[in-house]
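Below is one structure, written out as C-alpha cells, with a few remarks after it.
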C-alpha cells in the first residue's frame, strides 16, 4: 500500500493538464482531456461505473460510482484535474521526482496528491467491497480559473449525503474558507505619436488615480470585521497591461483585481464596491470570476465523520479555516454538506518547486478509506 499512491501520483503528474485560463486554444499540455481519460481507465479497471463528460471542448469531468448495500445518497469525493502552468518552475514539472520525503512536480500538491489518495482508497474499498454507503468520485475540470467543472456537476443535479473536497490542508479538516470576485478594469484614452503627447490622452495616466483609490480600499478592508477562522477581507491588484509601443500614447490600460470574501459577504456587493471606484474614474469593469465563500457548521455530520477518520490515524483532528477558495463553496450552495481535506501545504501549491510529503499521502489514503467505509 505504501508505494501505491506514490506510483499513481507519479503517473498523474507525468500527464500535463494545465489550465488555459481564458484562452480558447488548447496548446500542447493544456486542458484536462488526457488526464481525464487516464483517470477514467483507472476507475473502470477497478470495476466502477464511470463517465467522461465534456464541460468545454477538450475539457471533461470524470465521474464514477460504487454502490453500497445500505443504499441511499452517496458520499462524494472531489478532486480537480487541472493545474496552473509551469512558467518559472525550478524543477522538472512532469518528472515526479521523489527526494527528501516529498514527491515533486506541477500538480503534486494542487491537486493530484489528493486525487491519487482518493483513487488509491477507492480502488482498495472497491476490491474489498467494504463500503456500506454508495461512494461517488468526481474529477473536475477548470477549478483553477472558473469552477466550470463542479458547476456542471451541480447543474446536472448531482446529489450526495456529504462531500470531501481534496485540497492541500496538511490533513486538517477545513470547515471555512474565503471566496473571491475578480474583475478587469479598463481606462480609455486616445492614441497619438509620443513626439506630441498633447494630441492624445494617456490611459495609463488615467489609471494611476484609480489605482490609488484601490490601494486605499485594500488598506481599509482589514479594519472591517474579521472572521474567526479565515481572517479579514482583502484586495489585490494582480496584473496591469497598457500601451502598444513606448513611442505611442496608450489609448487603453487594464488591470485585474482580486477581492477575497468572508463567509457572509456577498460577491455582488463586493464587486459593486470595486465597480463604483472604477466608474468614478470613468473606467469600465468586466467581471472575470465569482466564487462564493464557504462555511459548514462545526457539528455537521461530514465534519464529525472526517474528524473521526483523521483522529484515528493521527491521534487528534483539527478543524480550521483557510484564506484560499475551493469547489466546496459550489457544493454547499447545492445543499451538500462539505469539508476540505487533503495532503500538502498550500504554500507549495503553484510554487516553483511544488511538492507534497509522501507520509501525508500515505496517511490520507487510510483516512479516506475510513470515511468511505464508515457506517
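Within segment 301-325, track down each residue that is touching a helix residue (DSSP H, G or I) at 6+ places or on another chain (Cβ under 9 Å) and part of a loop (DSSP other than H, G, I, E, B).
Selection gives 316, 317, 318, 323, 324.
Residues 159, 152, 163: which one is assigned to a loop (DSSP other than H, G, I, E, B), modelled with pLDDT of 95 or more, under 22 Å from residue 53 (Cα atoms) and assigned by TED's automatic domain parsing to the domain that holds residue 348?
159
Only one of 106, 65 is under 24 Å from the mean Cα position of the chain (by Cα), in contact (Cβ under 8 Å) with a residue 12 or more places away in the chain and assigned to a strand (DSSP E or B); which?
65 is the lone residue from the list that is under 24 Å from the mean Cα position of the chain (by Cα), in contact (Cβ under 8 Å) with a residue 12 or more places away in the chain and assigned to a strand (DSSP E or B).
Out of all the residues in segment 203-222, which are surrounded by 15 or more Cβ atoms within 10 Å (Cβ to Cβ), out of contact with any helix residue (DSSP H, G or I) (no Cβ under 7 Å at 6 or more places or on another chain) and closer than 16 Å to residue 284 by Cα?
Within segment 203-222, 203, 204, 205, 206, 207, 211 qualify.
Conditions first: (1) closer than 19 Å to residue 9 by Cβ; (2) surrounded by fewer than 24 Cβ atoms within 10 Å (Cβ to Cβ); (3) in contact with a strand residue (DSSP E or B) (Cβ under 9 Å, 6 or more places away or on another chain). Residue 124 passes all but one, so which condition is the exception?
Just one mismatch for residue 124, condition (3).
Kindly state which strands (runs of 3 or more DSSP E) lie completely within segment 170-286 and contain at least 2 residues that are over 30 Å from residue 113 (Cβ atoms) and not assigned by TED's automatic domain parsing to the domain that holds residue 303.
It comes to 179-188, 234-242, 252-261.
Does segment 26-44 contain at least one residue that is under 21 Å from residue 161 (Cβ atoms), buried (at least 18 other Cβ atoms within 10 Å of the Cβ) and in the same structural domain as residue 149 (by TED's automatic domain parsing)?
Yes, that holds for at least one residue.
The values are calculated or read from the model by the stated rules, or taken from the named source; none is laboratory data. Everything numeric in this text was worked out from a predicted model, so none of it was measured. No Cβ is skipped: glycine too gets one built from the backbone with ideal geometry, and neighbour counts run over all protein chains shown.
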